[in-house]
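Down below is the structure, laid out as structure tokens.
Read-outs: derived from the displayed coordinates by stated rules, not from any lab. Note that this is a predicted model, so its numbers are computed, not measured. Reconstructed Cβ throughout: ideal geometry from the backbone, glycine too, with neighbour counts over all protein chains shown.
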Amino acid sequence: MTSYDMIYLMKTIKYSILFILLSLNSLMAQSLIDELSGSEGAGQSDIELNLTTEKISKVSASRKIYILSNDNSSFFKGDFISLILGNKLAVRALVAKTENRFAGIKILKVYNNDLWKSLLPGTNVQIIRGDDSYFNKKTQKEEKDEELSKIQDEDDLYNETALLEDDLTLDENPNRLIKTDNIISAGLASIEGVDVNGSSKRYNQLNGTWGYQFDDNIWGEIQFGQNVIKDFPDDGLDTKFTSFSIKGKYTIAAPFFSFIMPYAGYQIKSASSPGGDGTDAQLAQDQERLARLEEKGIVFGVTILKRLVPGWFARADLGTDALNAGLALEF
């Protein structure tokens, strides 16, 4: 082998080694990029998998305090959470208290004012616990708007005085078994009356009720019901049968998320009919039958409320005024 051949061979080996090193470097760089891309995708997926859905139960007047369901037990007292609506960050909050599968949260930041205003009772929201950086990619203008929308600095999170400025609904009126002031309901009652012969007969009557809690566990309630009795007081005539009652009630806790409310009150039953074209004797008899249907007096009984979902109850009334079943809504 000549010296020229030797030089050519060395150059060939040199360039081959250089080519191999460059190829390995490119493969390692591509592998690193793929790994980083895969990690980013996994992080995104993990965050999405950690989302849970809960329902807003109540909102304070200042809109700083919210009561949420916590059916999934996905967050606890002291956690930072973000509320997501329409796949967009709405607000950032601190979990201040958890109780009976509900949580009271205090709003710290408002990410989107329009979404914040949309967070009303009954709204389903997604919750992300802890870091929300995946959703928190904002323009400089959005970050400036967010800074202006801050409600409270995180440095003051554990300032007890500041935290108690807006009392949580969970802590309001701790002596009350039912926290809200109002309950409205609709039902179908079986109410006692008389037939054309003067014998006792029960009639089905639709009714509506409004109750107001004017002191801890003490309620005042009014109820109105009405139905039409066919062929009363005589064949071919109809009578409008109306009942109106005022009651006082007291709430007692019962098992299975239920409440028993003994009551006493006063009921007025009235009847009206257009009358017929009969003789004076017939008209007098019709008036007498209507008078038998009318009644006034003191009534007693008990109301049973069974919570179905937050805000809604099944209702039953067992009393001298009527036997009633229906649905009730608290607010």
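Pairs K58/K247; K201/K269; K77/K306: which exceed 23 Å Cα-Cα?
Long pairs (Cα-Cα over 23 Å): K58/K247; K77/K306.
Ranked highest first by average number of other Cβ atoms within 10 Å, how do 255-262, 208-215, 89-96, 51-58 line up?
Those peptides, ordered most packed to least, come out 89-96, 51-58, 208-215, 255-262.
Note down the net charge around R315, summing +1 for each Lys or Arg and -1 for each Asp or Glu among other residues with Cβ under 14 Å from its Cβ.
+1
If we sort 303-316, 117-130 on the protection proxy, mean other Cβ atoms within 10 Å, highest first, what's the order?
The most tightly packed comes first, giving 303-316, 117-130.
Which value, in debye to the nearest 20, gives the size of the charge dipole of the stretch 230-287 about its Cα centre, when Lys and Arg are +1 and Asp and Glu are -1 at the Cβ?
About 740 debye.
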